[in-house]
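K.L.:
Sharing a structure, written as structure tokens. Questions coming.
The values are calculated or read from the model by the stated rules, or taken from the named source; none is laboratory data. The shown structure was predicted, so the numbers you read here are calculated from the model rather than taken from an experiment. Quick reminder, even Gly has a Cβ in these numbers, built from the backbone with ideal geometry, and neighbours come from all protein chains shown.
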């Protein structure tokens, strides 16, 4: 309250997310609660260029995971780079993996990558409790078949 006037925090789309081109309405309240702030696509591209070697990108056995994928900026940038060396089907089904907590972000990420939300490599789950199996057997069960 200031000078007898009560102010309420206006729920509005966060300007940071507006700049990233996301279609999801994220209130300032949601940002405060979840601490979700996305890395701009340009910075993701720069991180990839400066930190992942061409040999790693060319290697068909390389795999990459984003455990807090948001709406997929890092994966979109990485997919674009990997497509210089591999077919899209191979990149999406053998090289990229993601975990994202928020279902709306997960849906948007999958749309941007061009995969179904049920794809086993792109999971909607809490990254701190997910078993990172991505639909594959883990532990001893992988040796039973």
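K.L.:
Which of the helices (runs of 4 or more DSSP H) found entirely inside the range 1-116 contain at least 1 residues meeting this: closer than 20 Å to residue 135 by Cβ and either under 17 Å from the mean Cα position of the chain (by Cα) or at pLDDT below 95 (or both)?
P.N.:
Fully inside the range 1-116 and qualifying: 73-82, 103-113.
K.L.:
Is it true that some residue in the range 129-141 is farther than 18 Å from residue 38 by Cβ, more than 10 Å from the chain's Cα centre (by Cα) and modelled with pLDDT of 95 or more?
P.N.:
So far as the range 129-141 goes, no, none of its residues is farther than 18 Å from residue 38 by Cβ, more than 10 Å from the chain's Cα centre (by Cα) and modelled with pLDDT of 95 or more.
K.L.:
Here is a list: 86, 94, 106. Which entry is farther than 27 Å from residue 26 by Cα, out of contact with any helix residue (DSSP H, G or I) (no Cβ under 9 Å at 6 or more places or on another chain) and surrounded by 11 or more Cβ atoms within 10 Å (Cβ to Cβ)?
P.N.:
Just one listed residue meets the conditions, 94.
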